[in-house]
Structures are given as structure tokens and as C-alpha cells.
Amino acid sequence: MDKKYAEFLIEKTKKDYDLIANDFSLTRSNVWEEIRFLIDEHTVNGDKVLDLGCGNGRLYEFFKQKNVDYIGVDGSEKLIRLAQKRYFRANFKVADALNLPFSDNYFNKIYSIAVFHQIPSYEFRLRFLKEARRVLLPGGTFILTVRILKSKKELFLILKYTILKIIGKSKLDFKDVFKSWGRQKVNLYYHFFSKRELKKIVKEAGFKVREIGIIKNKIINRSNIYLVAQK
């Protein structure tokens, strides 16, 4: 992907989430119980925890009863305001995930839930991961999830944008799509990963991959890839 177009998509995504912040937050009012084990198994008392791409802060529900130093960051100012209003005791900041406002070797744990699939281009995904690694303590744990291609509608979008790419009518990379969201009909950018692709780029960023798998919520037909890595 052309770097300038990728930069455009990054700014577009921030503006899109500012536009849909209230409606999006309503759809994310509850935490995903199926990911609770990622917090319970990998967080201990005294950890400094970064929630990277925290949105409306809902992951804090899993941390508020724990003795951890929690910070949530997101590129959307409106989502951060909603997070701070909802969890006024927690620490939230507007921040660029590609240029985090933290010193090297600062956090014990970094969680990035349903964020990485909206980082455009291989170059910026690698930069995202390396920046997370920079602020993580040696031996620290990085945990992320990405969505899985699961519906006929999403499969159609992949096919559509693949054809557009082949005939030179799309600036997106293969397995990238725009997906309409909400009553505002905002076209959000997504990249659909395979486990192999995700594992490969995380390793290239310098992490050791400790675990990778699929998390499922059968009740509402929701599935995500999760990956646990170590610096």
C-alpha cells in the first residue's frame, strides 16, 4: 500500500470513530466475557497495564478490581471522553499508537483488543508492534486480538476488493476492505488476518509468540484470533 494512502486511512479511522463514538460505545457497553481468561491468566498484582486502543474503556471492567496500574489510550478524542466519563477513577489518554507517549520499558502487560485489524499497510502494522514492544518491559507480555472472516457479507467484501485490486481500481492491499458501519454509514477500514500471517508479523517485530488460538462466543456468533507474545 502506498504510504501516503495508509497515512490517510489512519487519519480517516480516527475521524470515523469520533463521528460514530456515541453509537459505537452503545454497542460496546459490555465486555466480551470470552476474553476474560486473557486478563485472569496473564495479569498479576502490581502490573503496569496498557490498554492500547481502549475505545470507551470497557476492558477496564476486568481490571478495576485488580491491584494494577492501568492506562487506556486511543486515537479518538470522543471515545476517550466517554471512557473517562464512564470510569472516572481510571487513567485515559488520547495517544497515537504509532508514537506512544511513554518511556522505553515501562509496562509489564499490553492489551490491544480488536484494534490491530484496523492498522493499514504492512509498514504501519510493523511500526505499531515495534512501538508496543518499545514501551514493554523485557519479559513483558503483549496480548492482542483480531477479527476473523466469518460471514458471507464479509466474504463478499473480500471478493469485491480483491477484484478491484486486480483491475487497478483499489488502493487497498489484498484482504483489506471497507465495511459500512451504523446509521451514519461510515466505511470503516479492516484487514482480515490469518493466524499464520499474524504470527509472522509479530515475530518480525521482535516478539516471541507464546500462544495463538481462536476465541469463540457461540451465543452471538463472534470469533476472534488471539495471540500472546513476550518481549
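The values are calculated or read from the model by the stated rules, or taken from the named source; none is laboratory data. Only a predicted model underlies this, so the values are computations on that prediction, with no experimental measurement involved. Counting neighbours? That spans all protein chains shown, and the Cβs are built from the backbone with ideal geometry, glycine included.
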Reported set for region 124-149 where residues are among the aliphatic types (A, V, I, L, M) and part of a strand (DSSP E or B) is L136, L137, I143, L144, V146
Q. Of the residues that make up region 28-51, is at least one in contact with a Gly (Cβ under 6 Å, 6 or more places away or on another chain), at pLDDT 95 or above, under 25 Å from R125 (Cα atoms) and outside any helix (DSSP H, G or I)?
A. yes
Taking first residues from region 15-40 that are under 24 Å from K109 (Cβ atoms) and second residues anywhere that are modelled with pLDDT of 95 or more and of a type in the set (F, W, Y), the pairs with Cβ under 8 Å that are 6 or more apart or on different chains are I35/Y226; L38/Y111; L38/Y226; I39/Y111
Note on region 94-123: residues surrounded by 16 or more Cβ atoms within 10 Å (Cβ to Cβ), part of a loop (DSSP other than H, G, I, E, B) and not hydrophobic (A, V, I, L, M, F, W, C) are Y106, P120, S121
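Could you say whether any residue in region 190-206 is part of a strand (DSSP E or B), touching a residue at least 40 places away in the same chain (Cβ under 8 Å) and of a type outside the set (A, V, I, L, M, F, W, C)?
Yes - at least one qualifying residue is present in region 190-206.
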